[in-house]
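The values are calculated or read from the model by the stated rules, or taken from the named source; none is laboratory data. All figures in this text were calculated on a predicted structure; none of them were measured in a lab. Cβ: placed from backbone, ideal geometry, glycine included. Neighbour counts: every protein chain shown. We work out accessible area using only protein heavy atoms, side chains counted, and drop any ligands, DNA or RNA first. Shrake-Rupley method; radii C 1.70, N 1.55, O 1.52, S 1.80 Å.
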Amino acid sequence: MNTSDATPGHLSLMGILRTSWHIWRKDLLIELRSRVLLNQILPFAVLVLMLFAFALDGDSTTLEFFAPGLFWVAVLLAALLAIGRSVATEQADATMDNFRLGSSSPVAVFFGKTLVILTQLLVLEIVLAVGVIVFYGARLSEPLLFVSTSVVATSGIASAGTLYAVAISKLGVRETLLPLLLMPALVPVLIGATRAFGDALGTAGVNGWQWLGLLGAFALAYLTLGALVFGSLLEEN
Amino acid sequence: MTTPTEVENPRSEPAAAADFFAVNSIADASVSTGSATTKVLGWLTLAGLVVLLVFAFIISPEDSRETADGAIIGQFDAVRLLYLHVPAAVFAYVAFALTGLGSIIYLWKRSRWWDHVAHSSAEIGVVFCGVTLLTGVIWGRPVWNTWWEWGDVRIVTTLLLFLIFVGYLAFRSVPSEPRRQARNASVLAIIGALNIPVVNRSVEWWENRTLHQQSTLEELKIEDATLLTLMIGFAVFGLMFLWLLIHRFRVAWLAEEVEQHGLKQALRRRREEAQREAMVS
């Protein structure tokens, strides 16, 4: 994006926040009307929890012990769908180009899209949390750590996801390419969030707050990186 | 149809560097990726490989030592795999670092030259990384008594690095507008390259459950002949990397030239057609 053409108002902190807010509102409005998250992605995530139970012979001890990891794998699989969907909604009418024409700051677009995915995944995680408590018999021993881990780890997933998804958004093969690119990058989040949840659900004798620090560093790194390079990704040739 | 005399060059690369990687004009029928430099490099690599094999299999000893109670322990012949494993690992990392560097420079200078370097280097890096993993797995069976150890942070993160760059190459293999592809691939490569320090420091960062020895080289615990063989391994892999990189770079360069050439030809043909139509009417 050619910043010299944009009015200073769009580049100020308030301008960025305002644009992010508008994008967030727009996407949630689309969700309220289309109900793709509610009717498709959410049931899929619950289905994944069920598949794990079948794969692990429905053994309640095993399921409770591995509940943290299974929870986050379910989140990652559902996140792929949510992220793909988030970019697809922009692709249909080439709205990403319109953002540029409207001289929106790329940073604002990045934060807006990240915030949308963050919100959607957090809603999904509330359902999944109930799922692992009911289906797997998980017990919440540190609620504050549980909630902080969810928010911080999901920020990492949402920011990295937005970055990768937009990088490949113009390709015909984006649905098949996204998992290959995104999943290896998210492995640190899976490890960190599983360990932190192990502490929060009382299944692992580790200090979950230290792992939360790693997750925070990851999220911060991707948010910074996204803010730096998102402009290049949105550029027209 | 006449051959166009000159294809204008829209790129802005450093003149000396471009000269080093220079290829003949696409109009030349006998175009090749070989040159005096690559021939020398190629022969040196080949000779080096022979020397490396002789050192690895004949001159260097097997790894064994006697413990206080008289038992013989060590890696025995399996140690010979390390002369392939360690240099391949090091140059896989070098290759990915170069891809990261090339991508940063591409985003900064927008020079296609650096984009080709980044792409070529990543391809070689993936091959070297594959060799590293394969030799590591084969070596692990007799020495660690397991093909794979999920608790070992270094092999797990190397596999991850391998997959990240396989993804990068998958992205590059999808046809799309060249400049957009170069730009977005650069972003992907930079993110991928940022994983290298994580890989390197992972032993310290994550749980210290590694089976890997802590930098045997630094402590100079290994035998002279072993150390020398390893050094030869580094030199040979360095030459091989450079040799492959130059050839792969030239292939990428020529592929782009062909594409542009084809487009120009098609435009010219269409223009001639339009002129003929105009004259007829």
message: What are the ³J(HN,Hα) couplings of region B:52-69, residue after residue, when phi is run through the Karplus curve with 6.51, -1.76, 1.60 and θ = phi - 60°? Round to Hz, x for glycine and proline.
response: 4, 4, 4, 5, 5, 9, 10, 6, 6, x, 6, 8, 7, 8, 9, 7, 4, 8
message: So for chain A, averaging the separation of alpha carbon pairs under 8 Å that are six or more residues apart and normalising by length, what relative contact order in percent results?
response: 27 percent
statement: Semi-axes of region B:79-280 from the Cα gyration tensor (sqrt of 5 times each eigenvalue, largest first, whole Å) come to 43, 18, 14
- request: At a Cα cut-off below 29 Å, give the lysines reachable from A:Lys113, other chains included and same-chain residues fewer than 8 away excluded.
  value: A:Lys26, A:Lys170, B:Lys109
query: If you count, for every residue in A:152-165, the Cβ atoms of partner chains within 10 Å of its Cβ, what is the mean?
result: 1
task: Kindly give the semi-axes, whole Å and largest first, of the ellipsoid equivalent to the protein assembly as shown, taking each as the square root of 5 times a Cα gyration tensor eigenvalue.
output: 41, 40, 18
message: Let me check against my output: what whole-number percent is the relative contact order of region B:79-280, with C-alpha pairs under 8 Å and at least 6 apart?
response: 29 percent
task: With a/c under 1.5 counting as rounded, go ahead and sort region A:11-56 into rounded, prolate or oblate using the C-alpha gyration tensor (a ≥ b ≥ c being the square roots of the eigenvalues; past the cut-off, prolate if a/b is larger than b/c, else oblate).
output: oblate
message: Given a 10 angstrom Cα cut-off, can you work out which residue in A:Ala185, A:Ala138, A:Ala108 is the most mobile in a GNM of chain A?
response: A:Ala185
query: Given a Förster distance of 51 angstrom, what is the FRET efficiency for B:Ser32 paired with A:Phe44, based on the Cβ-Cβ distance and rounded to 0.05?
result: 0.45
- line: Its Cα gyration tensor gives region A:156-237 an equivalent ellipsoid whose semi-axes in whole Å, largest first, are 30, 15, 6
field: Coordinate range along principal axes, alpha carbons of region A:52-189, Å, largest first
entry: 55, 32, 23
Solvent-accessible area of A:Thr176 with every protein chain in place, 1.4 Å probe, in Å² to the nearest 10: 110 Å²
message: Under 5 Å between amide hydrogens, which residues at least 5 positions from A:Thr203 or on another chain qualify, with H placed 1.01 Å from N in the peptide plane?
response: none
message: Under 5 Å between amide hydrogens, which residues at least 5 positions from A:Glu235 or on another chain qualify, with H placed 1.01 Å from N in the peptide plane?
response: none
message: Rounding to the nearest 10 and keeping the result within 0 to 90°, find how far the Cα-based axis of helix A:106-136 lies from the longest principal axis of chain A.
response: 20 degrees
message: Compute the angle between helix A:13-34 and the longest alpha-carbon principal axis of chain A, please, reported from 0 to 90 degrees and rounded to the nearest 10.
response: 60 degrees
task: Quote the accessible area belonging to A:Phe54 in square angstrom, nearest 10, computed with a 1.4 Å probe and with ligands, DNA and RNA left uncounted.
output: 140 Å²
Extent along principal axes [Cα atoms of region A:3-234; Å; largest to smallest]: 61, 33, 29
query: Which residue fluctuates the most in chain A, going by a Gaussian network model with Cα springs under 10 Å, if the choices are A:Met14, A:Met96, A:Met50?
result: A:Met14
- prompt: With axes computed from alpha carbons, what is the tilt in degrees of helix A:208-234 against the longest principal axis of chain A, rounded to the nearest 10 within 0 to 90?
  reply: 20 degrees
- request: Evaluate the charge dipole of region B:113-184 about its Cα centre and quote only its size in Debye, nearest 20, assuming +1 on the Cβ of each Lys and Arg and -1 on the Cβ of each Asp and Glu.
  value: 160 debye
- prompt: Quick one: how many Å² of B:Ser281 are accessible to a 1.4 Å probe, rounded to 10?
  reply: 120 Å²
query: So what is the calculated 222 nm ellipticity per residue for the protein assembly as shown, using -39500 (n - 2.57) for each DSSP H run with n of 4 or more, over all residues, to the nearest 500 deg cm²/dmol?
result: -26000 deg cm²/dmol
message: Percent of Cα-Cα pairs more than 16 Å apart in region A:80-150, please.
response: 61 percent
field: Within a Gaussian network of chain A (alpha carbon springs, distance under 10 Å), most fluctuating of A:Ile157, A:Ile168, A:Ile83
entry: A:Ile168
